[in-house]
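The values are calculated or read from the model by the stated rules, or taken from the named source; none is laboratory data. Worth saying up front: this structure is predicted, and the values here are computed from it rather than measured. Here the Cβ positions follow ideal geometry from the backbone for every residue, glycine too, while neighbour counts run over all protein chains shown. Note: areas computed on protein heavy atoms with side chains; ligands, DNA, RNA excluded. Shrake-Rupley method; radii C 1.70, N 1.55, O 1.52, S 1.80 Å.
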Amino acid sequence: MLNTLADKVRPEHCAVLLVDMQNDFCADGGAMHREGRDLSLVQAMIPRRERFLGAARDAGVKCVWIKNVYNTGPNWYLSEVWLEQARRRRKGAYVQYPVCEPGEWNGDFFQIRPRTDEAVVTKHRYGAFESTDLDLVLRSQGIRTLIMTGIATNVCVETTARQAFLRDYYVVFTSDCTATFTQAEHDATLNNIDQFFGQVATAEEVMACWPACGSVPAARLPAAP
């Protein structure tokens, strides 16, 4: 049993999941921006996530990128249930304009890209375990703990964290390297995860457990609001 944060995030058996860091969720002109969502919390998180990713790489922690593909020309993935929800609540996303198309700007990674030795798992629903090979990738590498980062805290990151817990992975959910479009939604997820699905921690608390992080610049970035 892994009882402490340091035990959970030992580099030999943990992985950082970088969930949906794509233009449609992070960039001006992407789908969330077009829906009228406030990107300020998301964009403020990016420098913290970049520093955390660098620390994980320096410590030899495996990094697994999660990438959405939703809309395709022949519509291979969006069911009538998904499209009905989109028509009612998503202000044109998925229906009037596409989201996360393969090979297009809107589905591409935002600012930071995976290295060639880092796994990229493609998903078509909120949860990264749903009909993907993520579990196989993790089990093959002896992963016991998932460190959650990415977008959006209360949708794809939370759904994936719930799925991970139900598959008996330890979950460490970063409070300041995840983000969504309102502070209230972000905080509600952190409370829910902490009670039922995993341990909430700051990036600094996780990095302090990695001896190799002595190479990370000491200057602290502004804390999450």
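Take every DSSP beta bridge whose two residues both sit in the chain; close to 5 percent of them are antiparallel. What the phi angles of the stretch 131-141 give under the Karplus curve with 6.51, -1.76 and 1.60, with θ = phi - 60°, is a coupling list of 6, 10, 9, 4, 4, 5, 4, 5, 5, 5, 9 Hz, glycine and proline written as x. Here the stretch 66-120 and the stretch 131-145 have alpha carbon centers that stand 23 Å from each other. Please label the shape of the stretch 81-132 as rounded, prolate or oblate, based on the square roots a ≥ b ≥ c of the eigenvalues of the alpha-carbon gyration tensor (a/c under 1.5 means rounded; beyond that, a/b larger than b/c means prolate, else oblate). Oblate. Rolled with a 1.4 Å probe across the full set of protein chains, the surface gives Glu130 an accessible area near 90 Å². For Glu104 and Asp194, the FRET efficiency from 1/(1 + (r/R0)^6), where r spans their Cβ atoms and R0 equals 35 Å, is about 0.40.
To the nearest 10, the accessible area of Tyr77 is 70 Å² with a 1.4 Å probe. Only one item in [x] 42, 17, 15; [y] 28, 19, 17; [z] 30, 23, 15 matches semi-axes √(5λ) of the Cα gyration tensor in Å derived from the coordinates shown, and that item is [y]. Of the peptides 63-69, 144-150, the order by per-residue mean of other Cβ atoms within 10 Å, starting with the highest, comes out as 144-150, 63-69.
Report, in debye and to the nearest 20, how large the dipole of the chain comes out about its Cα centre when Lys and Arg carry +1 and Asp and Glu carry -1 on their Cβ.
Here the size comes out at about 60 debye.
Note on the stretch 1-123: with charges restricted to the Cβ of Lys and Arg (+1) and Asp and Glu (-1), its dipole about the Cα centre is near 280 debye. Think of a 1.4 Å ball rolled over the protein heavy atoms: the chain then has 46 Å² of accessible area per residue. Across the accessible surface of the chain, with the other protein chains kept in place and a 1.4 Å probe, carbon and sulfur atoms take up 50 percent.
Under 20 Å from a label point 7 Å along Cα→Cβ of Leu5: give me every residue in the stretch 38-53 with its amide N that close. Taking a point 7 Å out along Cα→Cβ of Leu5, the residues of the stretch 38-53 whose backbone N falls under 20 Å are 45-53. Helical runs assigned H by DSSP (4 residues or longer) give the chain a calculated mean residue ellipticity at 222 nm of -9500 deg cm²/dmol, each run adding -39500 (n - 2.57) before division by the residue total.
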